[in-house]
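Note sheet for the following structure.
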Amino acid sequence: MRIGAHVDQADAVNQARAIGADQAQVFLGDPQGWKGAEFTYPGGAEALRADAAAADLDLYVHAPYVINVASTNNRIRIPSRKSLQKIVDGAAEIGAKGVIVHGGHVTATDDVAVGYDNWRKAIDALDAKVPVLIENTAGGARSMARTVESIGRLWDAIGAAEGGDQVGFTLDTCHAWAGGVDLSTAADQVRAVTGRIDLVHANDSRDTFDSGADRHAHFGDGLIPPDELVAVVASAGAPVICETHGDMGPDIAWLRARLG
């Protein structure tokens, strides 16, 4: 199982090597911005692609947090679609294995069915040069991917899109815990509705079960029982990215030692 972490794009390969990572997740620009892909790695996209390949380092790209293709607000949904396409294009330039994007949400006055259908339309229109890996989210009663039931509805909608069978799933352990999903069965439940888990975001949680709070913690510093956390990662059987702040070398070593 390949295990890595989120690192700074500008020094992605060196940082990954320093913490013993097999793969690296990066942003291609401001995670709170709408601009297209920006390459801060010395030598640009081509150099990052070549250096990562030489280091046997798999790359993933996390899309900006502001993207919400489910939104019923044209001022959010349309820029979100454009931004997602630009990030997918940029990810292809660096040879990334996928783009992780949050499931998004609609407002309290919206019909959630419209949000799911907006996802279908977004995938219909997307030129997916690399796979788009939708990530479950921690909070929000109107989220498209918080609960297993909502993920199932999202996958039904995406399945009706052209190219929908190429859309993948990222299971975030902190988000699942905070979203009220039983970790002992989370991987099996998700696979039952999506047919796949392509990536795991392995993170402990600072908050209690079903809190709705998206606050990651280093392994052992949070409230997820360690055995449950290791078990869900093992059950998912997918490559792993750790997303805590600071030095993630100990997290990678901790997880590797327990997965065997």
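Here are the numbers:
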read-out	value
Accessible area per residue in Å² at 1.4 Å probe, computed on region 1-65	45
Value at 222 nm in deg cm²/dmol, rounded to 500, when DSSP H runs of n ≥ 4 in the chain each add -39,500 (n - 2.57)	-12000 deg cm²/dmol
Note, ³J(HN,Hα) from phi for region 194-199, Karplus 6.51, -1.76, 1.60, rounded to Hz, x at Gly and Pro	10, x, 6, 9, 9, 7
Carbon + sulfur, % of accessible area of region 12-121 - ligands and nucleic acids excluded, 1.4 Å	49
HN-Hα J in Hz across region 181-192 - Karplus 6.51, -1.76, 1.60, θ = phi - 60°, x for Gly and Pro	9, 5, 5, 5, 10, 4, 4, 5, 5, 5, 4, 5
Probe 1.4 Å, accessible area per residue of region 189-234, Å²	45
Among A178, I252, S205 the positive-end extreme of the charge dipole of region 143-260 (Cβ point charges)	I252
Nonlocal amide H pairs with T72, under 5 Å, H built at 1.01 Å	T107
Approximate spin-label separation T109-S184, in nm, with each point projected 7 Å along Cα-to-Cβ	4.4
For H102, residues with placed amide H under 5 Å, excluding near neighbours	E135
Within the accessible area of region 187-235 (1.4 Å probe), percent carbon and sulfur	46
A10 versus A213: modelled label distance in nm, points set 7 Å from Cα along the beta carbon direction	3.2
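The values are calculated or read from the model by the stated rules, or taken from the named source; none is laboratory data. What you see is a predicted model, and the numbers here were worked out from it, not measured in a lab. As a convention, Cβ positions derive from the backbone with ideal geometry for all residues, glycine included, and neighbour counts pool all protein chains shown. Calculation scope for accessible area: heavy atoms of the full protein, side chains included, ligands and nucleic acids excluded. Shrake-Rupley method; radii C 1.70, N 1.55, O 1.52, S 1.80 Å.
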